[in-house]
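Structure first, then comments.
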Amino acid sequence: MAGTFDYKAVDQADDTLAACNYMCLLSAGVAADYDEVRSLNNWEDSFNKYSSDARGINISGVKLDTAIGYLSDGYPFAAKIEDRFVLVVSYNDDYIRYYDPTIDDEVRIERYRFQLKVNEYSNVLYTYYK
(Lines give C-alpha, C1' and ligand atoms only; values in the text may rest on other atoms or scores of the structure.)
Protein backbone atom coordinates (compact mmCIF):
# COMPACT_ATOMS: atom_id res chain seq x y z
CA MET A 1 0.00 0.00 0.00
CA ALA A 2 1.32 3.41 -0.84
CA GLY A 3 -0.36 6.70 -0.24
CA THR A 4 0.17 10.29 -1.21
CA PHE A 5 0.97 12.32 1.86
CA ASP A 6 1.87 15.93 2.52
CA TYR A 7 5.37 15.90 3.96
CA LYS A 8 6.75 18.37 6.49
CA ALA A 9 10.54 18.59 6.75
CA VAL A 10 12.23 19.89 9.89
CA ASP A 11 15.79 20.77 10.83
CA GLN A 12 15.98 19.09 14.24
CA ALA A 13 15.07 15.67 15.61
CA ASP A 14 13.20 17.43 18.45
CA ASP A 15 10.72 18.80 15.90
CA THR A 16 9.89 15.42 14.35
CA LEU A 17 7.15 14.75 16.90
CA ALA A 18 5.32 17.89 15.78
CA ALA A 19 6.01 17.22 12.09
CA CYS A 20 4.66 13.66 12.24
CA ASN A 21 1.71 14.74 14.35
CA TYR A 22 0.92 17.42 11.77
CA MET A 23 1.28 15.03 8.81
CA CYS A 24 -0.99 12.47 10.51
CA LEU A 25 -3.60 15.18 11.10
CA LEU A 26 -3.49 16.26 7.45
CA SER A 27 -3.88 12.64 6.35
CA ALA A 28 -6.99 12.37 8.50
CA GLY A 29 -8.46 15.41 6.75
CA VAL A 30 -7.83 17.93 9.53
CA ALA A 31 -6.89 21.44 8.43
CA ALA A 32 -4.22 21.72 11.11
CA ASP A 33 -1.69 24.51 11.49
CA TYR A 34 1.89 23.29 11.91
CA ASP A 35 2.89 26.11 14.27
CA GLU A 36 -0.09 25.35 16.49
CA VAL A 37 0.67 21.63 16.51
CA ARG A 38 4.30 22.40 17.28
CA SER A 39 3.34 24.66 20.18
CA LEU A 40 1.27 21.83 21.72
CA ASN A 41 4.35 19.59 21.41
CA ASN A 42 2.66 16.35 22.42
CA TRP A 43 0.19 13.88 21.01
CA GLU A 44 -2.30 13.90 23.86
CA ASP A 45 -2.86 17.67 23.71
CA SER A 46 -3.33 17.37 19.94
CA PHE A 47 -5.79 14.51 20.47
CA ASN A 48 -7.84 16.81 22.70
CA LYS A 49 -7.58 19.86 20.44
CA TYR A 50 -8.54 18.08 17.21
CA SER A 51 -10.89 15.40 18.58
CA SER A 52 -13.94 16.88 16.87
CA ASP A 53 -12.23 16.56 13.45
CA ALA A 54 -10.37 13.26 13.76
CA ARG A 55 -9.74 10.59 16.33
CA GLY A 56 -6.22 10.39 17.67
CA ILE A 57 -5.00 7.00 18.74
CA ASN A 58 -2.04 5.98 20.82
CA ILE A 59 -1.23 2.61 19.26
CA SER A 60 1.99 2.20 21.20
CA GLY A 61 2.75 -1.36 22.11
CA VAL A 62 0.71 -2.99 19.33
CA LYS A 63 2.16 -5.41 16.83
CA LEU A 64 3.43 -3.86 13.63
CA ASP A 65 0.71 -5.64 11.64
CA THR A 66 -1.96 -3.88 13.73
CA ALA A 67 -0.41 -0.48 13.05
CA ILE A 68 -0.19 -1.34 9.36
CA GLY A 69 -3.95 -1.86 9.41
CA TYR A 70 -4.36 1.90 9.82
CA LEU A 71 -2.02 2.47 6.90
CA SER A 72 -4.09 0.05 4.81
CA ASP A 73 -7.07 2.32 5.50
CA GLY A 74 -5.10 5.33 4.25
CA TYR A 75 -3.88 6.67 7.58
CA PRO A 76 -0.11 6.76 8.04
CA PHE A 77 1.26 6.31 11.52
CA ALA A 78 4.17 7.85 13.35
CA ALA A 79 6.81 5.67 14.96
CA LYS A 80 9.65 6.60 17.28
CA ILE A 81 13.02 5.31 16.16
CA GLU A 82 16.33 6.46 17.51
CA ASP A 83 16.05 10.14 18.49
CA ARG A 84 13.11 11.02 16.24
CA PHE A 85 9.67 10.23 14.94
CA VAL A 86 9.14 9.04 11.37
CA LEU A 87 5.95 8.72 9.32
CA VAL A 88 5.27 5.21 7.99
CA VAL A 89 3.76 5.64 4.52
CA SER A 90 3.84 2.29 2.73
CA TYR A 91 4.59 -1.38 3.11
CA ASN A 92 4.64 -4.75 1.43
CA ASP A 93 5.43 -8.23 2.68
CA ASP A 94 9.14 -7.51 2.93
CA TYR A 95 9.65 -3.77 3.37
CA ILE A 96 8.43 -0.69 5.21
CA ARG A 97 8.82 2.76 3.72
CA TYR A 98 8.84 5.75 6.01
CA TYR A 99 9.38 9.46 5.66
CA ASP A 100 12.08 10.94 7.87
CA PRO A 101 11.41 14.67 8.38
CA THR A 102 15.03 15.43 9.30
CA ILE A 103 16.43 14.22 5.99
CA ASP A 104 13.30 15.16 4.01
CA ASP A 105 13.26 11.82 2.25
CA GLU A 106 11.69 8.39 2.28
CA VAL A 107 13.62 5.44 3.64
CA ARG A 108 13.00 1.82 2.64
CA ILE A 109 13.89 -0.79 5.24
CA GLU A 110 13.20 -4.49 5.75
CA ARG A 111 10.13 -5.04 7.93
CA TYR A 112 11.96 -7.10 10.51
CA ARG A 113 14.69 -4.42 10.85
CA PHE A 114 12.08 -1.70 11.21
CA GLN A 115 10.28 -3.73 13.89
CA LEU A 116 13.57 -4.17 15.76
CA LYS A 117 14.20 -0.41 15.66
CA VAL A 118 10.69 0.41 16.87
CA ASN A 119 10.92 -2.17 19.65
CA GLU A 120 14.29 -0.81 20.73
CA TYR A 121 12.65 2.57 21.36
CA SER A 122 9.64 1.28 23.36
CA ASN A 123 7.28 0.65 20.42
CA VAL A 124 5.86 4.20 20.49
CA LEU A 125 3.27 4.65 17.70
CA TYR A 126 0.53 7.22 17.03
CA THR A 127 -2.01 7.97 14.33
CA TYR A 128 -5.28 9.74 13.57
CA TYR A 129 -8.24 8.51 11.63
CA LYS A 130 -11.58 9.87 10.53
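The values are calculated or read from the model by the stated rules, or taken from the named source; none is laboratory data. Owing to the predicted nature of the structure, the values given are computational and were not obtained by experimental measurement. No Cβ is skipped: glycine too gets one built from the backbone with ideal geometry, and neighbour counts run over all protein chains shown. To get the accessible areas, we keep the full protein, side chains included, count just its heavy atoms, and leave off ligands, DNA and RNA. Shrake-Rupley method; radii C 1.70, N 1.55, O 1.52, S 1.80 Å.
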Could you please put Phe114, Phe5 in sequence from largest to smallest accessible area, using a 1.4 Å probe? Phe5, Phe114
The local net charge around Asn123, scoring Lys/Arg +1 and Asp/Glu -1 for residues other than Asn123 whose Cβ lies under 12 Å from its Cβ, equals +2
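Taking the solvent-accessible surface of protein heavy atoms with a 1.4 Å probe, what is the per residue accessible area of the range 34-130 in Å²?
Heavy-atom accessible area per residue stands at 51 Å².
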Can you bin the range 56-130 into rounded, prolate or oblate? Criterion: square roots of the alpha carbon gyration tensor eigenvalues sorted a ≥ b ≥ c, rounded for a/c under 1.5, prolate for a/b above b/c, oblate for the rest. rounded
Summing +1 for each Lys or Arg and -1 for each Asp or Glu, what net charge is found among the other residues whose Cβ lies under 10 Å from the Cβ of Leu26? 0
